[in-house]
Amino acid sequence: MPYEWDDWALAALLGIELHEVRQVLEARRRWPRRAVSAEGVPVLTVWGRTVGGRPLIVAVYHATELTWKIIGARGMTDEELQQFSRWEETR
């Protein structure tokens, strides 16, 4: 599935590398979860780990039939990491 970035989304990445975002989106074990952006737009968050094990949440939205736009990425909070770790144990 093709992913695209807008310049503003790339500029907003702080402390997260582009390849880490790709690793989470392309990981075999990733947890897609529906969410709503701060602006009220429905998005899909993808919870996963980088190849190095870093837990990240990547937000995307469905732009066209075959394209998803990446709108952001961040590290998981402690609480989110606990939720994700429990999910991993069941997979």
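Out of region 1-11, which residues are among the small types (Gly, Ala, Ser) and exposed (fewer than 14 other Cβ atoms within 10 Å of the Cβ)? Within region 1-11, just Ala11 meets the criteria.
Region 23-83 holds strands (runs of 3 or more DSSP E) entirely within its bounds, and those carrying 2 or more residues that are touching a residue at least 60 places away in the same chain (Cβ under 8 Å) and surrounded by 14 or more Cβ atoms within 10 Å (Cβ to Cβ) map to 67-75. Being modelled with pLDDT of 95 or more and small (Gly, Ala, Ser) holds for only one residue in Gly75, Gly40, and it is Gly75. For Arg49, the test of being among the charged types (D, E, K, R) and in contact with a Phe, Trp or Tyr (Cβ under 8 Å, 6 or more places away or on another chain) is failed. The set of residues in region 45-81 being of a type in the set (A, V, I, L, M, F, W, C) and farther than 19 Å from Leu10 by Cβ consists of Trp47, Val51, Leu66, Met76, Leu81.
The values are calculated or read from the model by the stated rules, or taken from the named source; none is laboratory data. The shown structure was predicted, so the numbers you read here are calculated from the model rather than taken from an experiment. Counting neighbours? That spans all protein chains shown, and the Cβs are built from the backbone with ideal geometry, glycine included.
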